[in-house]
Amino acid sequence: MSTTQPIRSKHEARALATYYLKLGQLRNHVLIVLGLCTALRISDLLRLRWDDVFDFDHQRVRASITISEQKTGKPKIIELNRHIITALNLYAGAARPGAFLIENKQTGKAISRIQAYRLIRAAGEAVELEGRVSCHSLRKTFGYHARKDGVSLAVLMKIYNHSSIAVTLGYLGITQDDINEVYRDLDLTA
C-alpha cells in the first residue's frame, strides 16, 4: 500500500478545491477547502458543527474556530482564512444550530470517513491528479505548501501537534525534485 502524498502543485490543489464548487455541491466544496486550509485530521473536520464556524446571533461566519483534537486531546485555535470564509458564506444557507457542518442529509449525522474519502478521491480523479489522493492528502498538502512558502518546521510541528520534527518531516513528502529545485533556484553569487 502506498503512502499518501501531498498535492505538490498549487494549481492542482486549487482544481481539487473548486471541483465541487463548479458542480454546486457546496458541502463537498467546504469539506475540501477546510481540509486543505486547516490541516485538520478528517476525524476532527467531520466533528465540526455549524455552531463551531457560524455565529447565529450575528448571522456571520466566525473569524476562528476552537476545537479539542480527537487524537491528541489538545486544544487548537484555527483562524479562518479568506478561502474558508468564502466557502462557508456560500454554504451558509444550510446553517442550522447544532447540525453537523459536513452532514449526511439522510441521517442528520456527519458523513462517514469512508464517504469523505470517496468524495475526495472522486474529485481527485475528476481533476486528473496523479497518485493516491485521500483525506490525509489534504492535511499533508497544507504542510507541504506552507513549508515551501517559508513556514518553519517548528511552526508546522505546532500546527500539526506532532511530538517530533521527524514526524513533521515525514508529512512534508520531500522528494528529489524538491531538492533539485533548491539547488537550481538558489542564487547567491549573482
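Only the coordinates and a few stated rules stand behind these numbers; no lab work does. On a predicted model such as this, the values are computed, not experimentally measured, just so you know. So basically every Cβ, Gly included, is an ideal-geometry build from the backbone, and we count neighbours across all protein chains shown.
Counting other C-beta atoms within 10 Å, and keeping those with at most 11, which DSSP coil chymotrypsin sites (Phe, Trp or Tyr not before Pro) do you find in region 114-147?
none
List, in order, the whole-Hz ³J(HN,Hα) value for each residue of region 22-30 obtained from phi through the Karplus relation with A = 6.51, B = -1.76, C = 1.60 and θ = phi - 60°; use x for Gly and Pro.
Along region 22-30, the couplings run 5, 8, x, 9, 5, 4, 5, 4, 4 Hz.
What is the Cα centroid distance between region 124-190 and region 1-44, reported in whole angstrom?
15
5 Å is the cut-off here: which amide hydrogens, built 1.01 Å from N in the peptide plane, fall below it relative to residue 110, excluding neighbours closer than 5 in sequence?
Amide H neighbours of residue 110, under 5 Å, 5+ apart: 104.
In the chain, what is the count of Lys pairs whose alpha carbons are under 21 Å apart, counting only pairs at least 8 residues apart or on separate chains?
Lysine pairs meeting the criterion: 14.
Per DSSP H run of n ≥ 4, the term is -39500 (n - 2.57); total these for the chain, divide by its residue number, and report the mean residue ellipticity at 222 nm rounded to 500 deg cm²/dmol.
Details: 10 runs with 100 residues, N = 190.
Value at 222 nm, helices only, nearest 500: -15500 deg cm²/dmol.
For residue 7, enumerate residues with amide H under 5 Å from its amide H, sequence gap 5+ or separate chain, H modeled in the peptide plane.
Placed amide hydrogens put 141 under 5 Å from residue 7.
Output ³J(HN,Hα) for region 152-165: one whole-Hz value per residue in order, computed from phi by the Karplus curve 6.51 cos²θ - 1.76 cosθ + 1.60 with θ = phi - 60°, and x for Gly and Pro.
With the stated coefficients, region 152-165 comes to 5, 4, 5, 5, 5, 4, 5, 4, 6, 6, 7, 8, 8, 5 Hz.
Amide H of residue 60 versus every other amide H placed in the peptide plane: which residues, excluding those fewer than 5 positions away on the same chain, fall under 5 Å?
Those lying under 5 Å, H to H, from residue 60 are 55.
Hey, what do the phi angles of region 106-119 turn into as Karplus ³J(HN,Hα) couplings, whole Hz, using 6.51/-1.76/1.60 and θ = phi - 60°, x for Gly and Pro?
In residue order, the calculated couplings are 6, 9, x, 9, 5, 5, 7, 4, 5, 5, 4, 4, 4, 5 Hz.
Please go through region 86-190 and write out the trypsin sites (Lys or Arg not before Pro) that DSSP classes as loop and that have at most 14 other C-beta atoms within 10 Å.
Within region 86-190, the qualifying trypsin sites (Lys or Arg not before Pro) (loop, at most 14 other Cβ atoms within 10 Å) are 105, 109, 132.
Starting from the Cα gyration tensor of region 20-92, take the square roots of the eigenvalues, sort them a ≥ b ≥ c, and report rounded, prolate or oblate (rounded when a/c is under 1.5, otherwise prolate if a/b is larger than b/c, else oblate).
oblate
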